[in-house]
Amino acid sequence: MKIFNTNQIKDLDAYTIEHEPITSFHLMERAAGKCFEWIDNHTGLSKDSKGHYTSRYIVFCGCGNNGGDGLIIARMLAAKDKSVEVYFVRYSDTSSEDNKTAETLYRRAKSRKFFDIKTENDIPKINPDDVIIDAIFGSGLNKPVEGLAKSVIDSINSSKAKVISIDVPSGMFCDECSINNKGSVVRANTTLTFELPKLCFLFPENFEYFGNWNVLRIGLSYEYSVQTSSKNIYLTEEIIQPLIRHRKPFAHKGDYGHALVIAGSYGKMGAAVLASTACLRAGAGLLTTYIPACGYDIMQTSLPEAMVETDSVNEIIYNQINTEKYDSIAVGPGIGKHEATEHFLKVLIQQSHIPLIIDADAITILGENKTWLSFIPQGSIFTPHPKEFERLVGKSSDNFDRMKMQKEFSFKYQCYVILKGAHTCISTPDGTCYFNSTGNPGMATAGCGDVLTGILAGLFAQGYSSLETCLLGVFLHGLAGDITRDAIGEEAMISGDIIANLGNAFKMIKGK
């Protein structure tokens, strides 16, 4: 699913209006109708013992088309005998033509209640059990909200009522960082957006504003979406399902590659076990795990399916290993940062004949020895969390800036970067970023990154390309986490549970 900027979204609307064809107002009614359906199905108002409403839908509308959406939603709610009050924020002397039409129709509606807000004294008192529908500003806003509209937004934010924003929370910038926004922004519990997600929804700095967001399909032009390019993609099952390869009846283990996982040190052998187990669960035909001598019994006992090679040194990775026979190589989980291990990594990246999967301590080592990055094989995959990314690439001022740095790093070193977190971002050498749609907060647990590294190693060993490995690996990892959450909840989740549900994740995607 492509993520369009605000100009492309505007063009998408215009293209739909011209080619469906449909009038702009009827398209507005279609969008508002989808919002009304969601609101009607997911919210309710309080009533007293006689069935009279004791709370209200309070719809705050602005002068543009977003305000028109709000007016139509209010009319539809009123038609179902809901308690509705519309407050029109007159921050401008003019309104859009569709907004005027929507206002006229609402004023004719049954039991309509309509109030103008021209001064701060006109702002209504909001009760905690009211439901606020925010339709003041849409996605085209490009300057901070000030004056009367700011006062209204501040009043909404100071209330304890549930807030539903239409398209985007009023005051939010879609294509740049909210940290730079010195005006007021509505803090919504839920945001109902249209057709495609907005880029701003995918960054944690904005969560306090948009809450939980839902994409409502309103029938915008598929043709425009196909023919219009975007460097930002939201990763969905429709993208992932065609990537999965089906096994042949006469296949043998050699057909699915031999993976090498270089992991572990004294006290951190769990990282090696998790990565290795995940590698095999992801489908690698063969696996060799290279570990310090202290981990031999642990690995052989924990994962008898893996072959084990040990370093001559007891507690750390020290001596080089011949990597020529392997189809994928993952390095980093739990290896530590000993000087000898640093030297091992330097030689490995200089001599590897295939792209590497680089995680955890290996990323930290490279962050401290950035001149070595020029030796990284093209097509390699980095899997940093935000702090590791900062050590590797540098500090950023905000998430938009960090995404720019991530793209530049991928282009410079012709590599893939999987920046882990909510909506994990995968950057590619051609400047495209993929944002993941699977995963949940329960995956914020020890060893989860080691599991991802193992999954990537297992997929790459089977012959998936670097891009396919990243997309499929990240999506499966998150989906296995979602399956685990549904079974046992977020709090009790541990990394081994995610590995245990990898098979169910494969089955779910292949079944669809």
Selection status of Phe400, hydrophobic (A, V, I, L, M, F, W, C), touching a Cys at 6+ places or on another chain (Cβ under 9 Å), surrounded by fewer than 24 Cβ atoms within 10 Å (Cβ to Cβ) and farther than 23 Å from Leu260 by Cα: yes
Boolean, Tyr15 is in a loop (DSSP other than H, G, I, E, B) and either in contact (Cβ under 8 Å) with a residue 40 or more places away in the chain or touching a Lys or Arg at 6+ places or on another chain (Cβ under 7 Å) (or both): no
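Conditions (1) more than 18 Å from Gly473 (Cβ to Cβ); (2) crowded, with 16+ Cβ neighbours inside 10 Å; (3) in contact with a Leu (Cβ under 6 Å, 6 or more places away or on another chain); (4) at pLDDT 95 or above, marked per residue:
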{"residue": "Gly283", "(1), (2), (3), (4)": "no, yes, no, yes"}
{"residue": "Glu305", "(1), (2), (3), (4)": "yes, no, yes, yes"}
{"residue": "Val308", "(1), (2), (3), (4)": "yes, yes, no, yes"}
{"residue": "Asn314", "(1), (2), (3), (4)": "yes, no, no, yes"}
{"residue": "Ile317", "(1), (2), (3), (4)": "yes, yes, no, yes"}
{"residue": "Pro333", "(1), (2), (3), (4)": "no, yes, no, yes"}
{"residue": "His338", "(1), (2), (3), (4)": "yes, yes, no, yes"}
{"residue": "Leu345", "(1), (2), (3), (4)": "yes, yes, no, yes"}
Among the residues listed as Asp450, Asp497, the single one being in contact with a helix residue (DSSP H, G or I) (Cβ under 7 Å, 6 or more places away or on another chain), in a helix (DSSP H, G or I) and surrounded by 24 or more Cβ atoms within 10 Å (Cβ to Cβ): Asp450
Members of segment 403-426 found to be among the hydroxyl-bearing types (Ser, Thr, Tyr) and surrounded by fewer than 20 Cβ atoms within 10 Å (Cβ to Cβ), listed by number: Tyr413
Within segment 364-382, considering residues that are over 20 Å from Ser328 (Cβ atoms) and under 27 Å from the mean Cα position of the chain (by Cα), the one surrounded by the most Cβ atoms within 10 Å (Cβ to Cβ): Thr364
Looking only at segment 254-304, and only at residues there that are β-branched (Val, Ile, Thr) and under 31 Å from the mean Cα position of the chain (by Cα), the one that is nearest to Tyr464 (Cα to Cα): Val261
Hits in segment 190-234 - residues which are assigned to a strand (DSSP E or B) and out of contact with any strand residue (DSSP E or B) (no Cβ under 7 Å at 6 or more places or on another chain): none
Subset of segment 51-98 [touching a helix residue (DSSP H, G or I) at 6+ places or on another chain (Cβ under 6 Å), within 18 Å of Ile39 (Cβ to Cβ) and surrounded by fewer than 24 Cβ atoms within 10 Å (Cβ to Cβ)]: Tyr57, Met76
Subset of segment 234-275 that is assigned by TED's automatic domain parsing to the domain that holds Gly454 and β-branched (Val, Ile, Thr) - its residue that is surrounded by the most Cβ atoms within 10 Å (Cβ to Cβ): Val261
Residue check, Ile354 buried (at least 21 other Cβ atoms within 10 Å of the Cβ) and closer than 29 Å to Lys387 by Cα: no
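The values are calculated or read from the model by the stated rules, or taken from the named source; none is laboratory data. Since we're looking at a predicted model, the values are computed, not measured. With ideal geometry, Cβ positions are generated from the backbone for all residues, glycine too; neighbour counts draw on all protein chains shown.
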